[in-house]
Amino acid sequence: MNLDFKLFDCDGHYYEVRDAFTRHAEKSMRQRGVQWVESGGRARLVVGGVLNNYIPNPTFDPVSKPGALYDWFRGNPRRLDIRDAFGELEPIRPAYRNRDARLAAMDEQGVGATLLFPTQGVGIEDALARDPEAAAATFTAFNRWLEEDWGYRYRNRIFAVPCISMLDPAAAHKELARLIERGAPLVNIRNGPVPVPGGYRSPFEAGYDAFWDLAAQSGTVVATHAGADGYDVVVNMWEHSTETAFGRSPLRGVVSKGRAVSDFYAAAVCQRLFERFPKLRMVSVENGAGWVVDLLHRLGDAANRAPRYFKEDPQAQLLSHVWLAPFWEDDVQDLAQHVPVERLLLGSDWPHAEGVVSPADFATESLAWCDAPTLKKIARDNAANLVGVDVP
């Protein structure tokens, strides 16, 4: 496949530098937020006073090669354990931590623009779930680092997406307002219920309306990138084990895969989020798309059983307000039979081990079925329109 245009990669990543969470941390919050310690001869993260295992090697040096797990996710033909499938690690590359080096890598890859998401950062909120004040302060500090090192709109090519904790509605609204003022076109939140003392609450309750209204009226896209979503509570009904990004039991994957994101968007529709805020736009990243068709079916069934509940067709609400970045191993051609191609995005997960070797691999393999206009929509135009930027 010859690509005569530059890609817009909607799922790129950086590897956080050591002071990403601490450079701008408030002195009063340092012990309650993120700290570095030496444990067992290695540098480790302590989050909320507890040793954090989400990323086993938080220094990221050495680190896995991009796409190291490609075959493992394509059916694991060599029947390797995931630890063996990672293969040999390598020294961290400049493009993983320097924005100008990243632009040079993007030029070599044929990528015109990219959304950048955290690696360690998507595992932090869950570790601070019992301390909303510390979580809010930690992510404000993190977002200041992100703007400083990467930029929310660097040369209209790199869009590093800041993260907002939803543990405190007022703090979430305050940080969103600050980020909008700083020029961020997107923000990222966790796709899951909000933990509170004694249980959970929905981020779509009325107490969060100021947040959603501001996002909708400002045109800010709200992303939900996969991470530590808190759904271990569901798996813990069946077993108790320590979860890391790359170490989970088979049952954990079977029970929880796709569940958090599916429940999140089901709640958004059924709790009338999009009816209240018709201008709101959201995007699901690195959650795959295997859950989408079943959710559409269940929303249709719900509408049939409660014909007076929804003001608008719930299936249409999901498909008009939510953009989707499928996994590269998903059957995107089949997905396009159920979801308008205008809502599909290319997301490579580069340079993570579970992504592709190069972003163009997503286009040449997962989108090989597309005609030229459809390919441009999924691989470039849909994201460019969502963010509001021109890509060659």
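The values are calculated or read from the model by the stated rules, or taken from the named source; none is laboratory data. What you see is a predicted model, and the numbers here were worked out from it, not measured in a lab. Here the Cβ positions follow ideal geometry from the backbone for every residue, glycine too, while neighbour counts run over all protein chains shown.
So that you can scan it fast, the table gives a plain yes or no per residue for (1) in a strand (DSSP E or B); (2) closer than 19 Å to Pro132 by Cβ; (3) small (Gly, Ala, Ser):
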site: Asp11; (1), (2), (3): yes, no, no
site: Ala20; (1), (2), (3): no, no, yes
site: Trp36; (1), (2), (3): yes, no, no
site: Asn53; (1), (2), (3): no, no, no
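Of all the numbered requirements in (1) in contact (Cβ under 8 Å) with a residue 24 or more places away in the chain; (2) surrounded by 14 or more Cβ atoms within 10 Å (Cβ to Cβ), Gly219 misses one, and that requirement is (2).
Give the residue that is farthest from Lys6 (Cα to Cα), with candidates limited to residues of the range 97-133 that are in a strand (DSSP E or B) and of a type in the set (Gly, Ala, Ser).
Going residue by residue through the range 97-133, those that are in a strand (DSSP E or B) are 111-117.
Subsequent filtering for residues that are of a type in the set (Gly, Ala, Ser) retains 112-113.
Details: Gly112: 5, Ala113: 8 Å.
Among those residues, the one meeting the criterion is Ala113.
Whenever a residue of the range 246-265 is within 15 Å of Asn287 (Cα to Cα) and of a type in the set (Lys, Arg), its partners that are modelled with pLDDT under 85 and assigned to a helix (DSSP H, G or I), lying with C-beta atoms within less than 9 angstrom and at least six residues away or across chains, give the pairs Arg259/Val234.
Just one of the listed residues (Arg190, Arg157) is out of contact with any Cys (no Cβ under 9 Å at 6 or more places or on another chain) and of a type outside the set (A, V, I, L, M, F, W, C), namely Arg157.
What are the residues in the range 1-47 that are at pLDDT below 95, among the acidic types (Asp, Glu) and closer than 30 Å to Val322 by Cα, if any? Asp4, the sole residue that qualifies. Of the strands (runs of 3 or more DSSP E) lying entirely inside the range 166-217, those containing at least 2 residues that are within 18 Å of the chain's Cα centre (by Cα) and modelled with pLDDT of 95 or more are 186-189. With respect to being charged (D, E, K, R), touching a residue at least 60 places away in the same chain (Cβ under 8 Å) and part of a loop (DSSP other than H, G, I, E, B), Lys279 fits the description. The residue list Gly67, Gly48 contains one member that is crowded, with 18+ Cβ neighbours inside 10 Å, over 20 Å from the mean Cα position of the chain (by Cα) and in contact (Cβ under 8 Å) with a residue 40 or more places away in the chain, which is Gly48.
One residue stands out among those in the range 339-367 that are out of contact with any Leu (no Cβ under 9 Å at 6 or more places or on another chain) and in a loop (DSSP other than H, G, I, E, B): the one that is surrounded by the fewest Cβ atoms within 10 Å (Cβ to Cβ), which is Val357. Which condition breaks for Trp328 when tested against (1) at pLDDT 95 or above; (2) under 17 Å from Ala383 (Cα atoms)? Answer for Trp328: the failing condition is (1).
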